[in-house]
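The values are calculated or read from the model by the stated rules, or taken from the named source; none is laboratory data. Fair warning: this is a prediction, and the values are worked out from it, not measured in the lab. Cβ sites come from the backbone with ideal geometry, for glycine too, and all protein chains shown count toward neighbours.
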């Protein structure tokens, strides 16, 4: 009798899950496995970043570096040219289009593969070892279950934690989930808005909230008041070299020494007529190795003192988005405030926000129609109200990393259990790879992780 096919269950069909499945299907074109892709939304391949239809929201990476297939760098640009021949490697296109592209890539891989892909729209409540100990039982909301030989957790981002100053239960005008565009759209367009944070999520919220007119006042609030820099109009692709740059060789294994070296190289580059962005881009391939060599104490220094400055240089805005933001600030429609939020309290039908200004130390009070929390995703698994995460953590199948950036993961993408050993057959891909690689939240890195993981899974399935 023929043995039953090896079953791989992938929990989450956002970018990471879809790319992993597409690579599995491409790797098994002649010999089949069964892949089950589970997603709580109705669309497969879009996730949080690409599920909306607002073309005001752009990719912050040029099209030439956004191929879903590492071995085919022109794959995305070729797709774009079938839409509009004006698109090119330097185009910053809408995230809606990239979501379409992910759906297309997944469907194309499915059509060409000998493997079977089953798509299921469902919320996963638990993943537990089966009776044999060699596989897993995946239980869905409502009680249905399926057995899998391997399980991939591709869970994406989780909403931010509530800031201490926010009395969530008392604020009807508080939006805890910045990706809930329906909630953003329900806010009163005639009242000012307070956005906590100045990163890319905050700017997405800002552009959405002000998309119906230029009269609405918006306050962007963060402790340091730092906004992302913009890309150039003619960005260069990152230099691809396996060799550590000379300026980083032989330096002490500390954050201070590393930053001093990077700043020095950037200054030399600018003095020679170049652009500091090329230095930052050139670090991408080496960042995981630098991160892994740093002691935990040095990583903590980076997270506590440096990461806001790193983020604004590393994660830049598309040129048109940057110019739009600049214009909104110049016109006075947007005000950026550096300071600490000390209180958010109801004020009739509005909200009163008290800020302690960073520069003067003096308090300032704003009265706004709503407050939006854009302080960054929460990766502390002990505080997440997610049944699957709570179950996996409670059963000891996953563990939090020391810095609360994500999960403990081995070199083969297997999660580490409470015992300190890998949970065999249980894998993770997505933004919580930051705990191991730091540089792990953008498509150029995730596509490589997805390909690597797919090869490991298919090798195990076809062994």
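Just checking, which of 345, 326 is over 30 Å from residue 126 (Cα atoms), assigned by TED's automatic domain parsing to the domain that holds residue 221 and in contact with a strand residue (DSSP E or B) (Cβ under 8 Å, 6 or more places away or on another chain)?
345 is the lone residue from the list that is over 30 Å from residue 126 (Cα atoms), assigned by TED's automatic domain parsing to the domain that holds residue 221 and in contact with a strand residue (DSSP E or B) (Cβ under 8 Å, 6 or more places away or on another chain).
When you go through (1) in contact (Cβ under 8 Å) with a residue 24 or more places away in the chain; (2) outside the structural domain of residue 305 (by TED's automatic domain parsing); (3) in contact with a helix residue (DSSP H, G or I) (Cβ under 8 Å, 6 or more places away or on another chain) one by one for residue 258, which number turns out not to apply?
It is condition (2) that residue 258 fails.
Among the residues of the range 317-330, are any surrounded by 18 or more Cβ atoms within 10 Å (Cβ to Cβ) and either modelled with pLDDT under 95 or closer than 15 Å to residue 193 by Cα (or both)?
Yes, the range 317-330 contains at least one residue that is surrounded by 18 or more Cβ atoms within 10 Å (Cβ to Cβ) and either modelled with pLDDT under 95 or closer than 15 Å to residue 193 by Cα (or both).
Please go through the range 358-373 and pick out each residue that is without any contact (Cβ under 8 Å) to a residue 60 or more places away in the chain and either under 27 Å from the mean Cα position of the chain (by Cα) or within 13 Å of residue 165 (Cα to Cα) (or both).
Hits for the range 358-373: nothing passes.
I'm told residue 282 meets every condition in (1) in contact (Cβ under 8 Å) with a residue 40 or more places away in the chain; (2) part of a loop (DSSP other than H, G, I, E, B) except one. Can you identify the failing condition by its number?
Residue 282 satisfies every listed condition except (2).
Quick check on the range 418-429. Is at least one of its residues free of Cβ contacts under 8 Å to residues at least 60 places away in the same chain and either buried (at least 21 other Cβ atoms within 10 Å of the Cβ) or assigned by TED's automatic domain parsing to the domain that holds residue 334 (or both)?
Yes, that holds for at least one residue.
Kindly list the number of the only condition in (1) in contact with a helix residue (DSSP H, G or I) (Cβ under 9 Å, 6 or more places away or on another chain); (2) at pLDDT below 95; (3) farther than 17 Å from residue 434 by Cα that fails for residue 249.
(1)
How many residues does the range 66-112 contain that are touching a residue at least 60 places away in the same chain (Cβ under 8 Å), more than 18 Å from residue 447 (Cα to Cα), surrounded by 14 or more Cβ atoms within 10 Å (Cβ to Cβ) and out of contact with any strand residue (DSSP E or B) (no Cβ under 7 Å at 6 or more places or on another chain)?
Residues flagged as touching a residue at least 60 places away in the same chain (Cβ under 8 Å), more than 18 Å from residue 447 (Cα to Cα), surrounded by 14 or more Cβ atoms within 10 Å (Cβ to Cβ) and out of contact with any strand residue (DSSP E or B) (no Cβ under 7 Å at 6 or more places or on another chain) within the range 66-112 amount to 1.
Name the single residue that is surrounded by the fewest Cβ atoms within 10 Å (Cβ to Cβ) among those in the range 11-34 being under 18 Å from the mean Cα position of the chain (by Cα) and not in a helix (DSSP H, G or I).
Restricting to residues being under 18 Å from the mean Cα position of the chain (by Cα) and not in a helix (DSSP H, G or I), the top hit is 11.
Just to check your reading of the model, which residue among 218, 194, 205 is within 23 Å of residue 434 (Cβ to Cβ), crowded, with 19+ Cβ neighbours inside 10 Å, in contact with a strand residue (DSSP E or B) (Cβ under 7 Å, 6 or more places away or on another chain) and modelled with pLDDT of 95 or more?
It is 205.
Would you say residue 37 is within 30 Å of residue 205 (Cβ to Cβ), touching a strand residue (DSSP E or B) at 6+ places or on another chain (Cβ under 8 Å) and surrounded by 23 or more Cβ atoms within 10 Å (Cβ to Cβ)?
yes
What residue, among those in the range 234-255 that are within 30 Å of residue 198 (Cα to Cα) and assigned by TED's automatic domain parsing to the domain that holds residue 308, is farthest from the chain's Cα centre (by Cα)?
Among those residues, the one meeting the criterion is 254.
All but one of (1) crowded, with 18+ Cβ neighbours inside 10 Å; (2) at pLDDT below 95; (3) outside any helix (DSSP H, G or I) hold for residue 126; which doesn't?
Condition (2) is where residue 126 drops out.
Specify the residue that is nearest to the chain's Cα centre (by Cα); the eligible residues are those in the range 432-444 that are surrounded by fewer than 21 Cβ atoms within 10 Å (Cβ to Cβ) and under 19 Å from residue 46 (Cβ atoms).
Here the answer is 441.
Just wondering, is there one or more residues in the range 294-303 that are at pLDDT 95 or above, within 17 Å of residue 226 (Cβ to Cβ) and assigned by TED's automatic domain parsing to the domain that holds residue 259?
Yes, that holds for at least one residue.
Any chance the range 142-152 includes a residue that's surrounded by 15 or more Cβ atoms within 10 Å (Cβ to Cβ), touching a helix residue (DSSP H, G or I) at 6+ places or on another chain (Cβ under 9 Å) and more than 30 Å from residue 64 (Cβ to Cβ)?
The answer is yes; a qualifying residue exists.
Given the residues 105, 118, 139, which is the only one that is modelled with pLDDT of 95 or more and not in a strand (DSSP E or B)?
105
Hey, can you tell me all the residues within the range 51-95 that are over 16 Å from residue 200 (Cβ atoms) and outside any loop (DSSP other than H, G, I, E, B)?
63, 64, 65, 75, 76, 77, 78, 79, 80, 81
Restricting to the range 333-357, what's the tally of residues that are free of Cβ contacts under 8 Å to residues at least 40 places away in the same chain and under 22 Å from residue 190 (Cβ atoms)?
Matching residues across the range 333-357 total 3.
Quick test of your reading of the structure: residue 286 fulfils all but one of (1) crowded, with 16+ Cβ neighbours inside 10 Å; (2) modelled with pLDDT of 95 or more. Name the failing condition by number.
Every listed condition holds for residue 286 apart from (2).
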